[in-house]
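This report refers to the structure that appears directly beneath it.
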Amino acid sequence: MKILVIGAGGREHALVWKLRESQHMEEIYGAPGNAGIAQEAECRPVEVSNPAAVLELAQSLGADLTVIGPEAPLVAGVVDEFEKAGRWIVGPTKLAARLEGSKIFAKEFMRRHRIPTARFAVAERFDQAIRALDDFREPVVIKADGLAAGKGVVVARRREEAEAALDAFMRQKTLGAAGERVVIEECLKGEELSFMVLTDGRAVVPLAPAQDHKSLLDNDQGPNTGGMGAFSDEAMLPERLRSEILRVIVTPTLAGMAAEGVPYRGFLYCGLMLTAEGPKVLEYNVRLGDPEAQAILMRLRSDLVDLLLALRQGQLGAVDAHWTPNPAVCVVLAAKGYPGAPETGQVISGYEEAEARAGVKVFHAGTRVVNHQLVTAGGRVLGVTAIAEDLAAAIERAYAAVRKIHFDGMHYRTDIGAKGLRRLPLEPRPPNRLRVPNPRITGSLGVT
Ligand code: AMP
Ligand code: GLY
């Protein structure tokens with residue numbers, strides 16, 4: 001099988017790395033890729049958000065299977081273009097991708113289908129937004145409606161911060177059209193959980209749980225980023241919580257999309273807050289998380305192409321994903337200036353030594369090769385990922401590898417996974433009263 005992976009980040013490197021070991025793989029391509037992907041696949045340039053261009057590339061390569069990493073091509077309608085041409089691709093259609101492409105769509109969808117989420121208001125004009133703030137206590141969360149590469153959410157601790165965010169998004173238009181309309185919502189408290197599934201719209205294969213670390217600095221301080229690290233550990237998802245999430249969030253989401261005539265297929269990411277009242281949706285993503293994918297794909301034992309084939313053939317209900325019980329940790333090494341304008345062109349050293357260590361894989365994000373040297377080429381540069389028999393050992397392995405790597409301005413958090421070491425048992429809660437039709441939930445987390 002000829003496989004094409006679209007994207008240029010750490011998640012796409014992890015996808016290429018995993019797909020490459022499939023028994024079905026004959027040739028593998030990355031587009032546009034990065035320096036790490038280029039070591040494992042043939043890279044081709046492509047304008048990822050131009051559906052016709054992506055299809056043309058897949059046709060010219062004779063790709064049997066195309067997997068999309070990032071959201072922008074999905075929101076732009078790449079899947080629709082492939083489906084029209086009868087070429088196999090994994091991901092939701094343009095209409096289904098609105099779950100991520102429009103926060104207003106997502107929030108109103110959740111309201112229609114009674115899916116637990118933060119209380120919210122929608123504003124289309126600045127004065128309306130300012131008035132809406134009166135209905136919320138600080139801290140309050142301001143979200144730009146459209147895609148903003150992790151820059152569209154502000155958790156405002158004071159009214160002035162909320163007003164400044166609204167002014168930036170709606171009057172100064174710092175995010176362009178993406179910030180013209182906003183969601184204002186209550187701030188939820190609890191532990192975050194990234195819960196991802198592979199689905200054909202009915203059957204679901206849950207993926208291993210993960211937790212992202214969004215803030216730039218240790219102890220969740222500093223601005224939000226695309227993600228400074230992630231870990232995946234079965235202990236973060238007791239069976240009862242897993243079935244509750246499937247019942248009150250995943251199932252009604254898929255049933256709701258189907259009922260609205262937009263069946264959802266592909267990877268679905270539910271960004272959750274585990275609140276005292278139960279899990280609530282912070283956001284949907286229509287793809288795998290980055291850097292969550294790096295951690296969970298290290299734990300996946302199954303052949304990923306087998307799972308995707310089952311999805312294509314409507315057989316997802318008959319397969320299981322198998323995971324190693326060993327936890328995995330991904331520490332992101334970021335460039336100076338990230339999440340603002342990152343400094344680029346710094347020479348990276350020590351990555352080969354880091355990767356030579358047992359249980360370690362260095363996934364590339366913003367890297368390229370210039371004059372035979374690996375240099376930084378983006379905000380998130382590398383995702384140093386380690387797996388070990390327990391979480392403490394995985395953390396130690398990841399950081400021991402990180403310490404081998406150097407580039408000027410390199411920044412990383414030193415507490416990735418630390419919350420997992422002091423995890424407390426979850427408080428018992430009253431049962432949720434929501435009743436929804438049950439699609440088949442299979443592919444249980446067959447931990448082997
Ligand atoms: P989002 O892109 O919507 O996931 O927002 C990015 C991050 O902002 C989340 O991962 C949370 O850390 C935080 N966040 C978003 N919405 C809320 C909320 N309602 N309450 C608390 N934190 C939030
Ligand atoms: N790590 C969160 C995301 O991929 O959006």
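The values are calculated or read from the model by the stated rules, or taken from the named source; none is laboratory data. What you see is a predicted model, and the numbers here were worked out from it, not measured in a lab. So basically every Cβ, Gly included, is an ideal-geometry build from the backbone, and we count neighbours across all protein chains shown. Surface areas here come from the heavy atoms of the whole protein model, side chains and all, with no ligands, DNA or RNA. Shrake-Rupley method; radii C 1.70, N 1.55, O 1.52, S 1.80 Å.
Quick grid of which residues meet (1) acidic (Asp, Glu); (2) out of contact with any His (no Cβ under 6 Å at 6 or more places or on another chain); (3) in contact (Cβ under 8 Å) with a residue 40 or more places away in the chain:
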position: ASP134; (1), (2), (3): yes, yes, no
position: ARG137; (1), (2), (3): no, yes, yes
position: VAL141; (1), (2), (3): no, yes, yes
position: ALA156; (1), (2), (3): no, yes, no
position: GLU161; (1), (2), (3): yes, yes, no
position: ALA164; (1), (2), (3): no, yes, no
position: ALA178; (1), (2), (3): no, yes, no
position: SER194; (1), (2), (3): no, yes, yes
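Could you tell me whether the stretch 4-11 includes any residue that is closer than 26 Å to GLN313 by Cα and not hydrophobic (A, V, I, L, M, F, W, C)? Yes, the conditions are met somewhere in the stretch 4-11. Being surrounded by fewer than 23 Cβ atoms within 10 Å (Cβ to Cβ) and farther than 19 Å from VAL360 by Cα is the filter here, so list the residues in the stretch 375-406 that pass it. VAL375, ALA377, GLY378 - these are the residues of the stretch 375-406 that are surrounded by fewer than 23 Cβ atoms within 10 Å (Cβ to Cβ) and farther than 19 Å from VAL360 by Cα.
When LEU288, LEU282 are checked against the criterion of being farther than 22 Å from ARG247 by Cβ, in contact with a strand residue (DSSP E or B) (Cβ under 6 Å, 6 or more places away or on another chain), within 16 Å of ligand 1 (Cβ to nearest atom) and aliphatic (A, V, I, L, M), a single residue qualifies: LEU288.
Only a single criterion out of (1) out of contact with any helix residue (DSSP H, G or I) (no Cβ under 6 Å at 6 or more places or on another chain); (2) open to solvent by 30 Å² or more (accessible area, probe 1.4 Å); (3) not basic (Lys, Arg) is not satisfied by LEU188, namely (2). If only residues of the stretch 402-422 that are in contact with a Phe, Trp or Tyr (Cβ under 7 Å, 6 or more places away or on another chain) and part of a loop (DSSP other than H, G, I, E, B) are counted, the one that is nearest to LEU216 (Cα to Cα) is ILE416. Residues in the stretch 23-40 that are within 24 Å of the chain's Cα centre (by Cα) and open to solvent by 10 Å² or more (accessible area, probe 1.4 Å): ILE28, TYR29, PRO32, GLY33, ASN34, ALA35, ALA38, GLN39, GLU40. On the stretch given as the stretch 285-304, residues that are among the basic types (Lys, Arg), closer than 28 Å to SER215 by Cα and either within 16 Å of ligand 2 (Cβ to nearest atom) or assigned to a loop (DSSP other than H, G, I, E, B) (or both) total 1.
Among the residues of the stretch 305-336, those identified as part of a helix (DSSP H, G or I) and open to solvent by 10 Å² or more (accessible area, probe 1.4 Å) are ASP306, LEU309, LEU311, ARG312, GLY317, ALA318. Against the definition (within 16 Å of ligand 1 (Cβ to nearest atom) and hydrophobic (A, V, I, L, M, F, W, C)), how does MET273 come out, yes or no? Spelling it out, MET273 is indeed within 16 Å of ligand 1 (Cβ to nearest atom) and hydrophobic (A, V, I, L, M, F, W, C).
Only one of the listed residues (LEU95, LEU147) is in a loop (DSSP other than H, G, I, E, B), open to solvent by 50 Å² or more (accessible area, probe 1.4 Å) and either away from ligand 2 (no atom under 16 Å from the Cβ) or modelled with pLDDT of 95 or more (or both). That residue is LEU95.
Is there a residue in the stretch 256-267 that is in contact with a His (Cβ under 7 Å, 6 or more places away or on another chain) and open to solvent by less than 40 Å² (accessible area, probe 1.4 Å)? So far as the stretch 256-267 goes, yes, one or more of its residues are in contact with a His (Cβ under 7 Å, 6 or more places away or on another chain) and open to solvent by less than 40 Å² (accessible area, probe 1.4 Å). Here the stretch 360-374 is the region considered, the condition is being free of Cβ contacts under 8 Å to residues at least 60 places away in the same chain and either of a type in the set (A, V, I, L, M) or at positive phi (or both), and the residue that is least open to solvent (accessible area, probe 1.4 Å) is VAL360.
Residues being at positive phi, without any contact (Cβ under 8 Å) to a residue 40 or more places away in the chain and not basic (Lys, Arg) are entirely absent from the stretch 298-318.
Candidates in the stretch 210-232 are the residues that are assigned to a strand (DSSP E or B) and of a type in the set (Gly, Ala, Ser); of these, the one that is nearest to ligand 2 (Cβ to nearest atom) is ALA230. For the structure I just gave you, tell me whether ALA76 is surrounded by 22 or more Cβ atoms within 10 Å (Cβ to Cβ) and within 21 Å of ARG11 (Cβ to Cβ). So ALA76 fails the test. Taking the stretch 191-209 as the range and being charged (D, E, K, R), touching a helix residue (DSSP H, G or I) at 6+ places or on another chain (Cβ under 8 Å) and within 16 Å of ligand 2 (Cβ to nearest atom) as the test, only GLU191 passes.
I'm trying to understand the selection: among the residues of the stretch 150-179, which are open to solvent by less than 80 Å² (accessible area, probe 1.4 Å) and not in a helix (DSSP H, G or I)? The answer is GLY150, GLY152, VAL153, VAL154, VAL155, ALA156, LEU175. Which of the residues spanning the stretch 343-359 are part of a loop (DSSP other than H, G, I, E, B), open to solvent by 50 Å² or more (accessible area, probe 1.4 Å) and over 30 Å from ASP303 (Cα atoms)? Across the stretch 343-359, the qualifying residues are GLU343, THR344.
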